[in-house]
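> Mind having a look at this structure? Questions to follow.
No value in this document is a laboratory result; all are computed from the given coordinates. Quick caveat, the model's predicted, so the values are computed rather than measured. We place every Cβ from the backbone using ideal geometry, glycine too, and count neighbours over all the protein chains shown.
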């Protein structure tokens, strides 16, 4: 994501020197950090893939030529927020190097990349069950942040990263000698109960059909584990394990604590996703993130970039005057209704993330039931 600095941001909760004094056990020794390929560029820093103590990590490094008091305070602010949050749908903080000249933040590496790239560079069109699962992940992460009085201020698909999470439903497919008949069990053969007997193609299709109807299967995420094992006679055992995608909220470069003092009027974020009150330099609160989520939801439904025929500035001027992305005709009516409530011009008319999560989970259950019966 981008790492915008803002000269008119509200005062940081603590400055960089105070952060260093409180660093404790999350201060990272730069000598133990191996920096690899660059994976993203921002206005004031770059994102690299790295290795720290044997684990894959993402390393955000502020460029030394851009360092000033404002940027160092924003860096301290990001660290102070990241070290306070821990949730399945928020990128996990590992540590930071707070010693100048190379200030850096280390988080878990997200192998799936950003939701923006997934939708727009890879041209993936999501099924309704997948779309809802992604949207629920985002909502749960944002609900957690808001419960902890944190406003993200730059919620967009480029700041939503994708990880894989091994799902606990496995099928073990065992061929007999002629590689025709196949036994599919829900557990390893030592405990196995026969569920289905037929050809491997049919069995695989049945397994995938069940997972897909439950909303767990996303096409790039079927993993095959192949190994020869002997059960009286030589057979091949294939385990189909489904890895579900988990979406996590990332990039807290411009996030703020709600109770930080002063009215938030800094124009921070990215125009295509920005709430009108932020564009207008009016006071705003957590409902500005809800507006941004509405645009994210629209992206998930359409797989398009919002206002793609306009420049970011033209989009912002349009949003100020009531412009919103064009509603897709083929979308689920409940999603269209939710979208429109989330991008209401008046912030107090927008629902909270806890309300949105409840609505989306209810719809997800309805979709699962519908899929199972059709």
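> What is the gain in length, in nm to one decimal, between residue 349 and residue 55 on full extension, counting 0.36 nm per residue of separation less the C-alpha to C-alpha distance?
101.4 nm
> Please find the FRET efficiency linking residue 305 to residue 362, where r is the Cβ-Cβ separation and R0 is fixed at 30 Å, and quote it to the nearest 0.05.
Step by step, r from the Cβ atoms, then E = 0.55.
> Set the Förster radius R0 to 56 Å, insert the Cβ-Cβ distance between residue 31 and residue 336 as r into 1/(1 + (r/R0)^6), and round the FRET efficiency to 0.05.
About 0.55, to the nearest 0.05.
> Place the peptides 48-55, 120-127 in order of packing, highest mean first, counting for every residue the other Cβ atoms within 10 Å and averaging per peptide.
With the highest mean Cβ count within 10 Å placed first, the list reads 48-55, 120-127.
> While we're on this one: May I ask you to derive the FRET efficiency for residue 320 and residue 84 from their Cβ-Cβ distance with R0 = 30 Å, giving the value to the nearest 0.05?
Efficiency computed from Cβ-Cβ geometry: 0.35.
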